[in-house]
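The values are calculated or read from the model by the stated rules, or taken from the named source; none is laboratory data. Being a predicted model, the structure only gives us computed values, none of them experimental. Cβ coordinates were reconstructed from backbone atoms using ideal geometry, including for glycine residues, and neighbour counts include every protein chain displayed. With ligands, DNA and RNA removed, areas are computed over all heavy atoms of the protein, side chains included. Shrake-Rupley method; radii C 1.70, N 1.55, O 1.52, S 1.80 Å.
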Amino acid sequence: MTIDLILRDKVLEAVENLYQQKMPAETVQVQITRKEFEGDLTVVVFPFLRFSKKSPEQTAEEIGNYLLQNVSEVNAFNVVKGFLNIRISSSYWLSVLNSAHTNPDFGIKKHGGNSPVVMIEYSSPNTNKPLHLGHIRNNLLGYSLCEILKANGNRVVKTNIVNDRGIHICKSMLAWQKWGNGETPQSSGMKGDHLVGKYYVLFDREYKKEIADLIADGMNSDEAEQSAPLIIEARELLRKWENKDPETIGLWKTMNSWVYEGFDVTYKKLGVDFDKIYYESDTYIVGRDEVLRGLDEGIFYQKDDGSVWADLTADGLDHKILLRSDGTSVYMTQDIGTAKKRFNDYTIDKMIYVVGNEQNYHFQVLSILLDKLGFEWGKGLHHFSYGMVELPNGKMKSREGTVVDADDLIGEMVQVARKTSEELGKLEGLPEHEAEETFRTIALGALKYFILKVDPKKNMLFNPEESIDFNGNTGPFILYTYARICSVLRKAAEQGIEFQPLDMNIETTEKEQELIKKIAQFEHVVEEAGIMYSPALIANYVYDIVKEFNQFYHDFSILKEENEQVRNLRLVLAETIAKIIRSGMKLLGIGVVDRM
RNA sequence: GCUCCGGUAGCUCAGUUGGAUAGAGCAACGGCCUUCUAAGCCGUAGGUCAUGGGUUCGAGCCCCGUCCGGAGUACCA
């Protein structure tokens with residue numbers, strides 16, 4: 001039991017004994033004392049006044065005395081207005097440090113055979129274009145969320161649903177047929193997903209020209225969009241696909257395989273992976289059958305034109321289409337099918353969808369529809385909704401080419417990492433492939449931290465003009481601190497300094513206790529991140545503790561400390577911080593380097 | 001129109017279930033490399049927490065109104 005919980009219980013006990021009143025446990029707030037006040041932990045006594053019927057100062061004084069007498073870890077206390085500041089014995093802090101240092105899995109809960117199974121869907125790309133910065137945010141959040149949930153004792157199934165069918169892919173296919181001259185990734189030297197994306201953009205450009213021509217001939221814009229020859233041809237191609245026309249299916253498979261090869265490269269660079277991949281071309285039929293069953297059972301209704309709808313007005317929403325009048329599936333149909341397949345394939349306790357907040361409404365509807373169809377897990381699904389990445393001039397649009405390409409961005413980051421490192425000249429003498437690996441880790445660390453430190457639910461801005469920073473509150477700063485700790489530990493080993501068991505009676509300075517208090521928070525932060533679904537919590541915590549350590553590192557020498565016990569304490573501190581950085585970064589999907 | 005989300009320093013972002021004098025980084029300015037890695041450290045400056053009310057011992061956080069920005073509201077995905 002940690003000290004804040006002990007204090008909470010003892011405060012409850014104190015109020016009971018002193019004022020003969022029982023308070024609910026949540027009335028007690030134990031928080032870390034602000035730096036400018038004397039003490040380690042603070043109890044806010046305002047909420048107790050209605051029980052004590054005394055002034056804040058007097059109440060705090062009485063409870064403080066009770067704690068001093070009844071809790072061995074409490075050394076002293078002082079009262080400022082309604083705040084009871086408590087000084088905890090330094091031997092308690094040392095014991096915290098000691099257990100953090102000796103426990104190899106500090107802060108990480110192990111999962112076992114009966115741990116809950118959480119399935120997390122993330123990434124979910126379309127196969128008509130390469131990944132961009134928006135997808136990067138999705139992938140990084142999804143991957144990190146998996147790591148965080150694992151660290152909280154869950155079994156995690158990482159899944160991906162590939163949107164491999166639909167009009168969008170037909171657009172790329174059509175453009176390639178018309179203007180591709182048989183171009184392939186091999187013949188062009190282009191990465192497969194980029195090649196297919198090129199034709200998607202080309203389609204859009206030609207399509208827009210046709211629309212403009214039609215409008216010039218006097219057609220209104222809606223009509224022009226519907227009747228441009230290219231879109232009619234694309235629809236025809238989709239019909240051919242649905243009818244399993246061999247040539248169309250063949251081209252579809254070929255172009256998709258190019259895209260998958262491309263995605264694999266990008267996923268690998270990002271360091272994300274999946275346990276199970278679903279394809280909409282497999283699941284949309286399952287969904288259609290479910291919708292038809294719902295129609296049979298009177299859950300949905302059919303219009304005269306044959307389209308199938310759900311009436312959600314009773315749930316405060318509107319009517320939602322589930323099957324088009326020609327019987328083909330829409331997005332929602334596919335998601336119903338995918339969900340059903342997943343719950344058939346796995347025993348799932350919780351399903352999480354990592355999807356942008358533009359689809360909040362979609363998931364609200366999906367949840368209700370699954371529930372109506374009789375799936376008990378429908379209501380419990382969780383939409384991990386994250387904000388968009390915006391550019392200075394607004395949203396990214398693939399069709400118009402105003403995107404920050406994932407591969408380009410990663411490449412640029414590696415360039416900057418290499419250039420910076422070479423200027424500083426710190427990796428001289430390291431074999432080239434090892435240096436390259438280090439540059440890559442630093443670059444990805446910068447990118448990942450940049451994305452993950454932001455509250456997931458908020459929109460964030462990326463300015464391509466100013467490349468992602470490597471100084472300050474950044475991934476490289478954290479990695480740099482880690483590398484320096486590693487360096488100290490290496491030198492300690494070279495000098496034959498060995499770790500000894502912590503002397504529990506040693507005096508600790510304020511600064512050392514500050515660090516230990518922060519170390520003690522790690523478990524709590526991991527737990528909180530799991531509850532709030534927030535990698536940002538981890539990121540900001542790690543930054544905070546690293547900054548604190550850096551100041552410490554600057555003010556106190558470790559290896560040159562003469563007193564052996566003190567030196568040992570500081571080495572233990574350094575090693576424990578290194579462990580937290582390693583664990584924290586792992587939860588964010590960021591690798592560490594031992595020199596940079 | 002309706003629904004949902006956001007607005008904190010010049011810029012990008014933190015800010016624990018409401019707690020003490022709202023914090024970082026970047027950019028600016030001034031210091032610190034003969035000392036465990038200067039991708040670092042210290043200092044200066046920078047705020048009407050969009051805005052007006054309300055709730056209470058206490059509001060950046062909760063409630064209502066207003067303004068600004070974004071998203072959704074498709075037989076697109």
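Could you list all residues from the stretch A:27-51 that are open to solvent by less than 20 Å² (accessible area, probe 1.4 Å), within 6 Å of RNA strand B (Cβ to nearest atom) and more than 12 Å from residue A:8 (Cβ to Cβ)?
Those that are open to solvent by less than 20 Å² (accessible area, probe 1.4 Å), within 6 Å of RNA strand B (Cβ to nearest atom) and more than 12 Å from residue A:8 (Cβ to Cβ): A:33, A:42.
From the list A:523, A:498, exactly one residue is more than 30 Å from residue A:392 (Cα to Cα), open to solvent by 30 Å² or more (accessible area, probe 1.4 Å) and without any contact (Cβ under 8 Å) to a residue 40 or more places away in the chain. Which is it?
A:498
Looking only at the stretch A:52-62, which residues are out of contact with any strand residue (DSSP E or B) (no Cβ under 6 Å at 6 or more places or on another chain) and open to solvent by less than 20 Å² (accessible area, probe 1.4 Å)?
Scanning the stretch A:52-62 gives A:52, A:59.
Hey, can you tell me all the residues within the stretch A:71-124 that are among the charged types (D, E, K, R) and within 19 Å of residue A:520 (Cα to Cα)?
Listed by number, the residues that qualify are A:73, A:87, A:105, A:109, A:110.
Count, please, the residues in the stretch A:6-26 that happen to be open to solvent by 70 Å² or more (accessible area, probe 1.4 Å) and without any contact (Cβ under 8 Å) to a residue 24 or more places away in the chain.
Matching residues across the stretch A:6-26 total 5.
Can you spot a residue in the stretch A:174-195 that is closer than 28 Å to residue A:387 by Cα and open to solvent by 10 Å² or more (accessible area, probe 1.4 Å)?
yes
Here are A:352, A:442: which of them is in contact with a strand residue (DSSP E or B) (Cβ under 8 Å, 6 or more places away or on another chain) and of a type in the set (Val, Ile, Thr)?
Exactly one of A:352, A:442 is in contact with a strand residue (DSSP E or B) (Cβ under 8 Å, 6 or more places away or on another chain) and of a type in the set (Val, Ile, Thr), namely A:352.
Just to confirm my filter: which helices (runs of 4 or more DSSP H) fall fully inside the stretch A:465-569 and include at least 1 residues that are of a type in the set (Phe, Trp, Tyr), closer than 21 Å to residue A:101 by Cβ and within 10 Å of RNA strand B (Cβ to nearest atom)?
A:475-494, A:535-555
Considering only the stretch A:455-477, state which residues are in contact with a Lys or Arg (Cβ under 9 Å, 6 or more places away or on another chain) and of a type in the set (Val, Ile, Thr).
Correct list: A:474 only.
Give the residue, chosen from A:279, A:284, that is touching an Asp or Glu at 6+ places or on another chain (Cβ under 7 Å), of a type in the set (Phe, Trp, Tyr) and surrounded by 13 or more Cβ atoms within 10 Å (Cβ to Cβ).
A:279
Considering only the stretch A:2-26, how many residues are within 9 Å of RNA strand B (Cβ to nearest atom) and touching a strand residue (DSSP E or B) at 6+ places or on another chain (Cβ under 9 Å)?
0
Go through the stretch A:53-82 and count every residue that is modelled with pLDDT of 90 or more, touching a helix residue (DSSP H, G or I) at 6+ places or on another chain (Cβ under 6 Å) and among the small types (Gly, Ala, Ser).
Matching residues across the stretch A:53-82 total 0.
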